[in-house]
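> Sharing a structure here in structure tokens format.
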Amino acid sequence: MLEVMVNGCNGKMGQIVCDLVEQNENLVLKSGFDKNVTGEFAFPVFNKIEDITEKPDVIIDFSVPIATFHILEYAVSNHIPIVIATTGFSHEEEKRIEEYSKQIPIFKSANMSYDIMIMKKLVQWLAPLLSDTDIEITETHHNRKIDSPSGTAQMLADTINHSLENNLHCEYNRHDKREKRDKHEIGMNSIRGGNIVGEHVVQFFGEFETFELKHTSYSRNVFAEGAIKAAKFLVEMPEGLYSMEDMFHI
């Protein structure tokens, strides 16, 4: 039985992960960790590292960057594999995670959906074929999402840029610009509203036609299930930084 700790267990995604772990006969919800521990829980929930009584086999993190690093330091100290599904990390924070992965197995993905990984591979293949087009990425999420653009949108943009020999740059704000579109930019557009789980659109605008890829998530369970699959995968792996491509051999 795999014993799981969920970091951010009181958040919307954390609650879904906890529910799915409890429903899985091969998993045990060992504990939760969250700054907010009000209410009643059917499992131990901690808000202080020093109060954690027993080590889990693996940690699943759906939180915010500051909370991720709080639990990540605990994971490194106790040599516990961790799945990081949190987004919004700075470049410096990404580098810190890479350094930590030299000591423990870390699985990190901006999106835990298998279909999103297929979309990533598709844009990687398409971008060189459509290199003369204007590329725009638009992501839509619920009104509670605090980072912008989404980690998934940034991942898609980075994939496109890498496939075009890093000759492009992302444009996040056209409000203050008074000039025509730069041919070497990837336009990044964010929409926040309602309870939209997640939608990502990549458009390649040519002079006479447009090629568009679109992915829509209808349930947060997709991400929770992906994180649980990642946890099962990760506990069998040595130290290192892993992603969806490693798990599915995409």
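> If each DSSP helix of 4+ residues adds -39,500 (n - 2.57) and the sum is divided by the residues in the chain, what number results at 222 nm, nearest 500 deg cm²/dmol?
Numbers: 7 runs with 84 residues, N = 250.
For the chain, the value works out to -10500 deg cm²/dmol.
> So how do 11-19, 238-246 stack up, highest first, on mean other-Cβ count within 10 Å? Walk me through the numbers before you get to the answer.
Values: 11-19: 19.8, 238-246: 15.4.
Packing proxy ranking, top to bottom: 11-19, 238-246.
> State the volume of the convex hull built on the alpha-carbon positions of the stretch 166-235, expressed per residue in Å³ and rounded to an integer. Each step should come with its number before you reach the end.
Details: hull volume 12.1 nm³, N = 70.
Once divided by residue count, the hull of the stretch 166-235 is 173 Å³.
> Right, here's the next one. Under a point-charge model restricted to the Cβ atoms of Lys and Arg (+1) and Asp and Glu (-1), what is the dipole moment magnitude of the chain relative to its Cα centre, in debye to the nearest 20? Present the calculation step by step, with values, prior to reporting the outcome.
Values: 24 positive and 39 negative charges, 86 e Å.
The dipole of the chain has a size of about 420 debye.
> Here is a follow-up. Given a 1.4 angstrom probe, I'd like the percentage of the accessible area of the chain that is carbon and sulfur, rounded to a whole number.
On the way: 6390 of 13060 Å².
Here it works out to 49 percent.
> Sticking with this one: So, in Å, what gap is there between the alpha-carbon centers of the stretch 221-247 and the stretch 125-148?
A separation of 25 Å, based on Cα centres.
> Something else: Once the whole set of protein chains is in place, how much accessible area is left on F43, using a 1.4 Å probe, in Å² to the nearest 10?
Around 30 Å² of this residue is reachable by solvent.
> Using the alpha-carbon centroid of each, what span in Å lies between the stretch 1-74 and the stretch 152-173?
33
> Something else about it: Starting from the 7 Å offset along Cα-to-Cβ, what nm value, one decimal, do you get for the label separation of H70 and I118?
Going by the 7 Å Cα→Cβ label model, 3.8 nm.
> So, for the chain, what is the accessible surface per residue at a probe of 1.4 Å, expressed in square angstrom? Working shown, then result.
On the way: 13060 Å² over 250 residues.
Dividing the accessible area of the chain by its residue count gives 52 Å².
> Among I191, I137, I228, whose mean-square fluctuation peaks in a Gaussian network model of the chain (Cα, cutoff 10 Å)?
Maximum fluctuation in the GNM of the chain, among the listed residues, is at I191.
> Ok, one more. Which length gain, in nm to one decimal place, applies between S90 and R144 when the Cα-Cα distance is subtracted from 0.36 nm times their residue separation?
Details: separation 54, 0.36 × 54 = 19.44 nm, distance 1.98 nm.
Here the segment from S90 to R144 would lengthen by 17.5 nm.
> Using Cα pairs under 8 angstrom and six or more residues apart, how large is the relative contact order of the stretch 152-246, in percent? Display every interim value, and only then the final one.
On the way: 58 pairs, mean separation 16.1, N = 95.
Reported as a whole number, the value is 17 percent.
> Separate question: Using a 10 angstrom cutoff on alpha carbons, build the Gaussian network for the chain and name the most mobile of R192, R220, R181.
Comparing R192, R220, R181 in the GNM, the peak value goes to R181.
> Comparing T216, T86, T68, which has the greatest mean-square fluctuation in the GNM of the chain with Cα pairs linked when under 10 Å apart?
Of T216, T86, T68, the Gaussian network model singles out T216 as fluctuating most.
> Considering only Cα-Cα distances, which of the following residue pairs are longer than 31 Å: K48/K229; K12/K177; K108/K180; K145/K214; K12/K95; K30/K214? Can you show the working numbers first?
Working: K48/K229 27 Å; K12/K177 37 Å; K108/K180 37 Å; K145/K214 20 Å; K12/K95 27 Å; K30/K214 38 Å.
The pairs that break the limit, which is 31 Å between Cα atoms, are K12/K177; K108/K180; K30/K214.
> Okay, moving on. Assuming R0 = 30 Å, can you tell me the calculated FRET efficiency for the pair N47 and Y172, based on Cβ-Cβ distance, to the nearest 0.05?
Numbers: r = 34 Å, r/R0 = 1.15.
Calculated value: 0.30.
The values are calculated or read from the model by the stated rules, or taken from the named source; none is laboratory data. Source: prediction; values computed, not measured. All Cβ positions, even for glycine, are placed from backbone atoms using ideal geometry, and neighbour counts span all protein chains on display. All accessible areas refer to the heavy atoms of the entire protein, side chains included, with ligands and DNA or RNA removed. Shrake-Rupley method; radii C 1.70, N 1.55, O 1.52, S 1.80 Å.
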